[in-house]
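These notes concern the structure reproduced below.
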Amino acid sequence: VCKVMDYKKFLYEQKKRDKTLKSKATKVTVKEIRFGPQTDDHDYEFKKKHAEKFLKEGSKLKAYVFFKGRSIIYKDQGQILLLKLAQELEEFGKVEQMPKLEGKRMIMFIAPKKK
């Protein structure tokens, strides 16, 4: 059993269907915030405010601590900093990935909460 049809019309409708599906798909943006292992309180608060804004906009947040040279010996300080950030942003988003050391960076992802 086969169906005789207009092939160009079929291609057109398929393209049209794909276009509507693509327009409905949501694009996830990832915003980054960089800390140093010994980031001061004022700088931390300033960056936390930006992180809050990003999560309210609906963007994912990639917070990381960058270790330069010998500062890698302060891994624990970097982890404490990221965990503190996660705790303070708990009402705006949830942690997707706990702080993990990758090379010279300790990275953590926070996703915005659904409304």
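Structural remarks
- Residue list for segment 79-115, filter: open to solvent by 100 Å² or more (accessible area, probe 1.4 Å), under 17 Å from residue 60 (Cα atoms) and either among the β-branched types (Val, Ile, Thr) or part of a helix (DSSP H, G or I) (or both): 87
- Count - residues of segment 86-115 that are closer than 11 Å to residue 64 by Cβ and in contact (Cβ under 8 Å) with a residue 40 or more places away in the chain: 5
- Only one of the numbered conditions (1) open to solvent by 80 Å² or more (accessible area, probe 1.4 Å); (2) closer than 21 Å to residue 42 by Cβ; (3) among the basic types (Lys, Arg) is not met by residue 70, and that is (2).
- Any chance residue 75 is exposed (fewer than 12 other Cβ atoms within 10 Å of the Cβ), over 12 Å from the mean Cα position of the chain (by Cα) and among the charged types (D, E, K, R): no
- Positions within segment 47-77 being modelled with pLDDT under 90, small (Gly, Ala, Ser) and in a helix (DSSP H, G or I), in sequence order: 69, 71
The values are calculated or read from the model by the stated rules, or taken from the named source; none is laboratory data. Model, not experiment: these values are computed from the prediction. Quick reminder, even Gly has a Cβ in these numbers, built from the backbone with ideal geometry, and neighbours come from all protein chains shown. We work out accessible area using only protein heavy atoms, side chains counted, and drop any ligands, DNA or RNA first. Shrake-Rupley method; radii C 1.70, N 1.55, O 1.52, S 1.80 Å.
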